[in-house]
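For reference, the structure discussed in these notes is given below.
The values are calculated or read from the model by the stated rules, or taken from the named source; none is laboratory data. These numbers come from a predicted model, not from an experiment. When we count neighbours, we look across all protein chains shown, and the Cβ atoms used for this are built from the backbone with ideal geometry, even at glycine.
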Amino acid sequence: MRGRWIQRFVRMTWVLFLAWSTGCGSPSPFEQRPDEVEIHLFAFGGFAGGVVYDLTIRSDRTATEARTRPPLSMPLDEDTYNQMLRMLTPVWNLREVYLDEHRRCSDDVEFTLDLRAGERRKTVRTWGCTLLADNAGSDVAYLKQVIEVLSQISRLVCDTTAPWLGLQVRFALNDSVFAVGEPIGIQTIVENTTGRERRIYFDSDYRIGFVLYETGVRYVTQYPFDYFPRREAPLQEVVIPDGQTRAFELTWDARYRWHASDSLRTLAPGRYRMRVGLLTTESLGPGEILEFVVQ
């Protein structure tokens, strides 16, 4: 099913650009070195400044998305793979950079498309705001469609092969009213009702994180205060068999700091909202907002 979906998508895009690859008298680099093909789409940037796509497709027809931890892979069927190569053939004749200086965005995403066939290699770079420009020209319109096809494959790999798909996550506090200085308990339950074994991954010893606001919009703190995802850190795997749950608990001492150099403060009386999430390497959902009172 998923292979046929990709194949239909590639065919629609291929029809749009059939004229690009017709009338060529010599074989394409892909045809000359069919056993040494590699296609790589890397996209980085956006508001959060992170990796958007890190997709590689090789001559064994395996599509691997390395943006996730761990990387995810799936095979492409032969027809889809061959049609994709034909669609990508005109990329060899594109310029190396497509940039509309009048449409630079502060949170722009940079796209880098690498093709390799044996010793031959082609790299084309462009930016999201350039792809959205009106009257950008046929090259950019073609490149936009190529990136869309590859990004659809990336998303399909993630949406069909991720070992954490379908897990249900619930969050709860151990109470709704706390005394000043009283520890606050947070529990997370991950339930597997998918019909198959599932796995989740962490890149630190932290399991639960949160951002705390005083009722309204005033930011108070986050936990863990010094946590940042680390791609080089070893992964910690948690296996959740079908029909089972895994529980994670955090007891927070209700003390916080605004800056790393601050001394710890005790949470003052007031009403608070806490957005809680599980610190897995890949999100299991948007988290949950929990409310409580300190008095």
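Conditions tested, residue by residue: (1) under 20 Å from T126 (Cβ atoms); (2) aliphatic (A, V, I, L, M); (3) buried (at least 17 other Cβ atoms within 10 Å of the Cβ); (4) in contact with a Leu (Cβ under 6 Å, 6 or more places away or on another chain).
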residue: V37; (1), (2), (3), (4): no, yes, yes, no
residue: A66; (1), (2), (3), (4): no, yes, yes, no
residue: S73; (1), (2), (3), (4): no, no, no, no
residue: Y81; (1), (2), (3), (4): no, no, yes, no
residue: L88; (1), (2), (3), (4): yes, yes, yes, no
residue: N93; (1), (2), (3), (4): yes, no, no, no
note = Selection over segment 242-252 where residues are of a type in the set (G, A, S) and either at pLDDT below 95 or part of a strand (DSSP E or B) (or both) yields a count of 1
query = Does any residue of segment 58-67 turn out to be touching a residue at least 24 places away in the same chain (Cβ under 8 Å), β-branched (V, I, T) and assigned to a helix (DSSP H, G or I)?
reply = no
key: Condition check for T112: loosely packed, with under 15 Cβ neighbours inside 10 Å and either over 18 Å from the mean Cα position of the chain (by Cα) or in contact (Cβ under 8 Å) with a residue 12 or more places away in the chain (or both)   = yes
task = With respect to E96, determine if the residue is without any contact (Cβ under 8 Å) to a residue 24 or more places away in the chain and closer than 24 Å to S26 by Cβ.
result = no
Unmet criterion (only one of (1) farther than 17 Å from V169 by Cβ; (2) exposed (fewer than 15 other Cβ atoms within 10 Å of the Cβ); (3) touching a strand residue (DSSP E or B) at 6+ places or on another chain (Cβ under 7 Å)) for Y272 = (2)
remark   = Of those in segment 102-117 that are in contact with a helix residue (DSSP H, G or I) (Cβ under 7 Å, 6 or more places away or on another chain) and farther than 29 Å from T160 by Cβ, the residue modelled with the highest pLDDT is D108
Identity of the residue in segment 253-295, assigned to a strand (DSSP E or B) and β-branched (V, I, T), that ends up nearest to R67 (Cα to Cα) = V276
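Condition check: in contact with a helix residue (DSSP H, G or I) (Cβ under 7 Å, 6 or more places away or on another chain) and either within 29 Å of T160 (Cβ to Cβ) or aromatic (F, W, Y) (or both). Does D77 satisfy that?
Judged against the criteria, D77 is a match.
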message = Restricting to segment 147-157, name every residue that is buried (at least 17 other Cβ atoms within 10 Å of the Cβ) and either without any contact (Cβ under 8 Å) to a residue 40 or more places away in the chain or touching a strand residue (DSSP E or B) at 6+ places or on another chain (Cβ under 7 Å) (or both).
response = I147, L150, I153, S154, V157
inquiry  = Restricting to segment 219-241, name every residue that is assigned to a loop (DSSP other than H, G, I, E, B) and under 30 Å from A268 (Cβ atoms).
reply    = P224, F225, D226, Y227, F228
inquiry  = Among the listed residues L99, L85, identify the single one that is touching a Ser or Thr at 6+ places or on another chain (Cβ under 8 Å) and at pLDDT below 90.
reply    = L99
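Conditions (1) of a type in the set (K, R); (2) under 20 Å from L167 (Cβ atoms), marked per residue:
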position	(1), (2)
E191	no, yes
R196	yes, yes
D226	no, no
R246	yes, yes
D253	no, no
W258	no, no
S263	no, no
G270	no, no
query = Residues of segment 248-263 being hydrophobic (A, V, I, L, M, F, W, C) and surrounded by 11 or more Cβ atoms within 10 Å (Cβ to Cβ), which ones?
reply = F248, L250, W252, A254, W258
ask   = So which residues in segment 184-218 are of a type in the set (F, W, Y) and either within 30 Å of T266 (Cα to Cα) or buried (at least 19 other Cβ atoms within 10 Å of the Cβ) (or both), if there are any at all?
value = F202, Y206, F210, Y213
Segment 206-264, subset small (G, A, S) and without any contact (Cβ under 8 Å) to a residue 24 or more places away in the chain, residue nearest to R196 (Cα to Cα) = G216
